[in-house]
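Novice: Below: one structure in structure tokens.
The values are calculated or read from the model by the stated rules, or taken from the named source; none is laboratory data. Bear in mind the structure is a predicted one, so any value in this text is a computation, not a measurement. Using ideal geometry, Cβ is built from the backbone for each residue, glycine included, and neighbour counts are taken over all protein chains shown.
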């Protein structure tokens, strides 16, 4: 966080000082968790469904926080925003808007900060982690942990920067039109990356065209080419490629299959653990990449990261080396662990949509090959609206086409409707673990995948707990 007085904060967020002179200086972290606010920090008091941050204001101040950003008076120095007597929901929105205003002011005071915005229906977090890995050696880089990309995570991440930060990498998510545009208004990116337009959140958007409209808000927010704006677009995705007409920024295309792409992969192959190797070809030359990440879909993610790296001054060999060194940085995303008995567990349980399900099943098939038995342990995919039944059945059909030998559905998702052969359906995680403990044999490969609400990471943890394995991210081994 850059140093800023409470009076300046109050002016920026439209708040009023409470038990403070305004001369107090914020120099530490801005955080909504009172346990993480140290000396010089600013504690953000958010009302929640079960816990109200205002109840921890005094404790945060005692721990060193300069003041509290609050929606009502607290027993500590504070900046108060909003109207007295408003509902907890209104208070929460008001405090979040104040966080966004403060984040925008921090960005305004750091004109040399390079901001990279990244969006897509799937692969955002993995690609964000790769971009951060490529940029870190080029200068101090800030990126959100995991998928912290919502109306709280976005300003929270921006407020991590300080005067030595060179790169800010932001993962932009949307649950409706206008969401990404609002995030870009807080921290305007110079470089915008669009990965894909898929089926995630179709239940909220209604159609792929509406998803594309929302994702395209990123490229519409970029500065013109004359002012350095760059749109990094996936040439393999038609809806993304068409976004070139929606921006005045310079377009840098990447792709695995598009031979005309500026940044592309050639000679792609997978090793025995499903890790891609390829020749990275870009405007500055070419270099060999051997990813430690699992799945052919990671090639496209790596190309997007490479394009950003090239744009910010990295050379091909440097980018290739950094991509080859990168390991999973966010939990429960294609974490591959081999148990002592030879069973391989692929924990990709953080989230799921039809596109990421395809990627996970293809990785399972690649690792299992012809000689090992593959298990697809799948929970439901959420937020698909009227397409849900058809989408789940299609994933079942895909598993069958890929030769996945066992399908274990956790909950009534409907994968078995498309699988077309013997499958098992169990009601919950505990029953799934019972089946797997009974039926797994050495050499089997198990993919665990579902939408976050299903909590299937507990299955992966249970499979590893009794064998000396771990569910911590470590890449394939």
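Novice: Do you know which residues across the stretch 10-24 are touching a strand residue (DSSP E or B) at 6+ places or on another chain (Cβ under 8 Å) and free of Cβ contacts under 8 Å to residues at least 12 places away in the same chain?
Specialist: None; the set is empty.
Novice: Another one. Consider residue 352 carefully, then state whether it is in contact with a strand residue (DSSP E or B) (Cβ under 7 Å, 6 or more places away or on another chain) and at pLDDT below 95. Reasoning before the result, please.
Specialist: Values: in contact with a strand residue (DSSP E or B) (Cβ under 7 Å, 6 or more places away or on another chain): yes; at pLDDT below 95: yes.
Answer is yes for this residue.
Novice: Return a yes/no flag: does the stretch 1-9 have any residue that is buried (at least 22 other Cβ atoms within 10 Å of the Cβ) and touching a strand residue (DSSP E or B) at 6+ places or on another chain (Cβ under 8 Å). Outline the logic, then answer.
Specialist: Of the stretch 1-9, the ones buried (at least 22 other Cβ atoms within 10 Å of the Cβ) are 6, 9.
Next cut, touching a strand residue (DSSP E or B) at 6+ places or on another chain (Cβ under 8 Å) only: 6, 9.
Yes - at least one qualifying residue is present in the stretch 1-9.
Novice: Of all the helices (runs of 4 or more DSSP H) wholly in the stretch 142-238, which have at least 1 residues that are touching a helix residue (DSSP H, G or I) at 6+ places or on another chain (Cβ under 8 Å) and over 25 Å from residue 254 (Cα atoms)? Please lay out each step first, then the result.
Specialist: Values: elements: 153-158, 179-186, 202-205, 208-215, 217-220.
Counting at least 1 such residues, we get 153-158, 179-186, 202-205.
Novice: While we're here: If I ask for residues that are assigned to a loop (DSSP other than H, G, I, E, B) and either without any contact (Cβ under 8 Å) to a residue 24 or more places away in the chain or surrounded by 16 or more Cβ atoms within 10 Å (Cβ to Cβ) (or both), which ones from the stretch 28-58 would you list? Step through it out loud before you land on a result.
Specialist: Of all residues in the stretch 28-58, those assigned to a loop (DSSP other than H, G, I, E, B) come to 28-29, 32-33, 37-41, 45-46, 48-51.
Scanning the stretch 28-58 gives 28, 29, 32, 33, 37, 40, 41, 45, 46, 49, 50, 51.
Rundown of residues vs (1) assigned by TED's automatic domain parsing to the domain that holds residue 199; (2) farther than 21 Å from residue 216 by Cα; (3) surrounded by fewer than 23 Cβ atoms within 10 Å (Cβ to Cβ); (4) touching a strand residue (DSSP E or B) at 6+ places or on another chain (Cβ under 8 Å), yes/no style:
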{"position": "238", "(1), (2), (3), (4)": "yes, no, yes, no"}
{"position": "242", "(1), (2), (3), (4)": "yes, no, yes, no"}
{"position": "260", "(1), (2), (3), (4)": "yes, yes, yes, yes"}
{"position": "271", "(1), (2), (3), (4)": "yes, yes, yes, yes"}
{"position": "307", "(1), (2), (3), (4)": "yes, no, no, yes"}
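Novice: Another one. In the list 436, 384, which residue meets the criterion of being modelled with pLDDT of 90 or more and buried (at least 20 other Cβ atoms within 10 Å of the Cβ)? Can you show your working first?
Specialist: Details: 384 fails: modelled with pLDDT of 90 or more.
Result of the check over 436, 384: 436.
Novice: Would you check which residues across the stretch 59-75 are in a loop (DSSP other than H, G, I, E, B) and at negative phi and list them?
Specialist: Looking only at the stretch 59-75, we keep the residues that are in a loop (DSSP other than H, G, I, E, B), and these are 63-66, 71-75.
Within the stretch 59-75, 63, 65, 66, 71, 72, 73, 74, 75 qualify.
Novice: A further question on this structure: Looking at the stretch 403-418, is at least one residue part of a loop (DSSP other than H, G, I, E, B), over 23 Å from residue 384 (Cα atoms) and under 29 Å from the mean Cα position of the chain (by Cα)?
Specialist: Going through the stretch 403-418, the residues part of a loop (DSSP other than H, G, I, E, B) turn out to be 403-405, 411-415.
In the following step, the residues that additionally are over 23 Å from residue 384 (Cα atoms) were identified as 403-405.
The next check asks that each one be under 29 Å from the mean Cα position of the chain (by Cα); those that pass are 404.
Yes; the residues of the stretch 403-418 include at least one that is part of a loop (DSSP other than H, G, I, E, B), over 23 Å from residue 384 (Cα atoms) and under 29 Å from the mean Cα position of the chain (by Cα).
Novice: I would also like to ask the following. In the stretch 134-158, which residues are over 14 Å from residue 313 (Cα atoms) and touching a residue at least 40 places away in the same chain (Cβ under 8 Å)?
Specialist: 145, 146, 147, 151, 152, 154, 155, 156, 158 - these are the residues of the stretch 134-158 that are over 14 Å from residue 313 (Cα atoms) and touching a residue at least 40 places away in the same chain (Cβ under 8 Å).
Novice: Let me ask something else. Could you please find all residues in the stretch 273-291 being modelled with pLDDT under 95 and either under 21 Å from residue 129 (Cβ atoms) or not assigned by TED's automatic domain parsing to the domain that holds residue 133 (or both)?
Specialist: Correct list: 273, 274, 275.
Novice: Among the candidates 103, 76, single out the residue that is crowded, with 16+ Cβ neighbours inside 10 Å and over 30 Å from residue 240 (Cβ atoms). Let's see the steps before the verdict.
Specialist: Values: 103 fails: over 30 Å from residue 240 (Cβ atoms).
It is 76.
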